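Here the structure is laid out as structure tokens; the discussion comes afterwards.
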Amino acid sequence: MKRETVVVLDFGGQYNQLIARRVRECNVYCEIYSYKTSIEKIKEIQPKGIIFTGGPNSCYEAQSPTYAREIFELGIPILGICYGSQLMMHLLGGKVEKAPVREYGKIQVNVNTSSKMFTDVSEKTICWMSHNDYISKEAPGFTVNAWTDDCPVAAAENPDKKLYAIQFHPEVLHTQEGKKMLSNFVYNVCGCAGDWKMDSFVEESIKSIREKVGNGKVLCALSGGVDSSVAAVLLSKAVGNQLTCVFVDHGLLRKNEGDEVEAVFGPDGIYNLNFIRVNAQERFYTKLKGAEEPEQKRKIIGEEFIRVFEEEAKKIGAVDFLVQGTIYPDVVESGVGGESTVIKSHHNVGGLPDCVDFKEIIEPLRDLFKDEVRQAGLELGIPDYLVFRQPFPGPGLGIRIIGEITAEKVQMVQEADAIWREEIAKAGWDKNVNQYFAALTNMRSVGVMGDERTYDYAVALRAVTTTDFMTAESAELPWEIIGKATSRIVNEVKHVNRVFYDCTGKPPATIEFE
Ligand code: XMP
């Protein structure tokens with residue numbers, strides 16, 4: 001059965017993944033495609049609806065991203081958001097120009113509630129605006145159904161052609177009734193049934209994995225993190241002991257983590273899995289020697305992982321499939337799907353070597369966002385303490401040590417991180433922050449210890465709150481926690497004489513340091 005799909009056409013806006021998530025929260029499957037995707041491909045997908053995203057350009061400039069006008073003739077409902085709304089108006093004969101007043105922030109919008117987009121929305125509703133250009137005249141055939149003091153066309157529609165344009169961002173939580181609007185679009189306008197549910201996802205995945213694998217042998221790259229743990233349990237439900245899980249200790253794990261993962265998934269753990277632990281610390285350190293540049297480090301770690309798996313697969317013999325816990329944001333952020341620039345090569349996507357010695361790579365979670373992976377985990381009966389673990393990146397401490405990695409630096413960051421996590425947990429703040437860790441800066445500075453001059457490293461502490469890990473705020477932790485951890489770190493961790501707290505949000509920083 002074909003899954004009903006809404007397509008998000010990415011014009012380079014920063015909230016594109018959020019749009020897709022919000023649509024999925026309405027139980028409608030949604031995928032992001034670049035605006036360069038051909039119209040033939042779109043027709044092939046047969047989407048129930050299309051959403052044009054925002055973007056940083058001015059649609060009336062020659063070089064700006066655009067799309068074939070034919071898309072408006074397909075009879076598929078289209079919602080244009082921000083740049084997407086302006087582009088729709090521009091292409092269909094409306095007028096878009098530089099706004100006399102730039103609108104930015106939470107703005108009160110008046111809406112016509114008889115519009116299908118605004119059913120059950122308040123007549124005056126707070127929406128998130130962020131635009132320099134505005135629609136000064138709607139396209140022929142459209143009627144205006146929302147406006148603000150400075151924006152005569154905050155929304156316009158041509159219901160006969162199922163075309164809707166809104167200047168503000170319904171996907172951002174600051175738009176108080178944004179979720180309702182998106183739900184109106186997918187249900188009232190597109191006529192979706194809402195068949196995207198995690199129980200059916202799990203069931204369908206198990207079935208299709210069984211069909212694909214047949215009697216073949218499968219190797220799963222297990223890190224103990226949420227994504228690969230869910231992937232491993234899903235696979236084990238699908239193919240039982242045709243599955244072997246390989247856990248590679250690359251020497252870039254948190255303190256004691258190797259043993260903790262083994263305790264859960266190993267022979268004495270809670271799952272009955274074929275489990276192999278490979279202690280490959282030295283091998284990774286050797287490969288990483290001299291590498292300082294973040295992307296280079298990520299690629300080395302990614303490649304080496306695969307080589308270890310290939311070797312393990314050879315030992316088992318006749319392994320056709322490799323399973324990875326890649327999730328949708330990894331795919332998008334690695335520049336595989338949408339239009340956004342490559343931010344980082346997640347080691348399980350962009351860092352994959354061109355030539356891999358497996359018949360096929362299975363990525364059962366490739367279509368899921370993180371919260372959906374957790375839901376799938378619960379659906380599979382994985383205990384809460386594993387499902388709600390804070391994320392830990394595949395390249396591990398490798399991207400939390402700025403510059404060259406050495407065994408000595410790994411030990412420093414492991415110790416500092418263990419102290420930081422312990423202090424946060426002791427204070428009960430582990431429930432209030434979504435990710436927290438220590439990183440080792442590459443900076444050494446002068447200090448004094450006892451009567452001695454020191455010239456040692458600085459540790460950076462990080463704690464963020466976030467719902468989706470795409471944007472994040474630095475957590476405002478009580479000073480006692482930071483102070484206590486600082487004093488313990490400089491006292492207990494050799495060669496660290498200075499501690500910083502990272503106050504930066506994402507953007508402009510990222511959560512990790514590299
Ligand atoms: P950034 O640093 O991009 O991180 O703001 C966002 C989230 O993704 C995690 N992350 C990774 N996870 N492989 C992973 O499995 C990676 O290469 C990787 N890089 C970042 C990061 O821990 C945070 O939760």
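Residue-wise HN-Hα couplings along segment 240-246, as the Karplus relation 6.51 cos²θ - 1.76 cosθ + 1.60 with θ = phi - 60° gives them from phi, are x, 8, 6, 9, 10, 9, 10 Hz; Gly and Pro carry x. Annotation: peptides 437-450, 233-246, 106-119, ranked by per-residue average of other Cβ atoms within 10 Å with the highest first, follow the order 233-246, 106-119, 437-450. Potential lengthening of the chain between N256 and T286 amounts to 8.6 nm, from the contour at 0.36 nm per residue minus the alpha-carbon distance.
From the alpha carbon centroid of segment 153-219 to that of segment 37-82 is 17 Å.
Once both labels are positioned 7 Å from their Cα atoms along Cα-to-Cβ, the gap between I361 and T66 label points is 3.7 nm.
Across the chain, C-alpha contacts under 8 Å between residues 6 or more apart give a mean separation that, scaled by the residue count, equals a relative contact order of 11 percent.
Sequentially through segment 504-509, phi angles give Karplus couplings (6.51, -1.76, 1.60; θ = phi - 60°) of 8, x, 10, x, x, 7 Hz, Gly and Pro residues having no value and appearing as x. Stretching the chain fully between K116 and S208 yields a gain of 29.4 nm (0.36 nm per residue, less the alpha carbon separation). The phi-based Karplus calculation (6.51 cos²θ - 1.76 cosθ + 1.60; θ = phi - 60°) puts the 3J(HN,Hα) values of segment 468-478 at 10, 6, 8, 10, 7, 10, 5, 6, 8, 6, x Hz, whole numbers, x for Gly and Pro.
If you model segment 1-58 as an ellipsoid using its alpha carbon gyration tensor, with each semi-axis the square root of five times an eigenvalue, the axes come out at 19, 15, 6 Å, biggest first.
Segment 254-273 and segment 374-447 have Cα centres separated by 18 Å.
Computed from the coordinates by the stated procedures, all read-outs in this text should not be read as laboratory data. For clarity, every value in this text was computed on a predicted model and none was experimentally measured. A quick note on method: Cβ atoms are made from the backbone with ideal geometry, for glycine too, and the neighbour counts reach across all protein chains shown.
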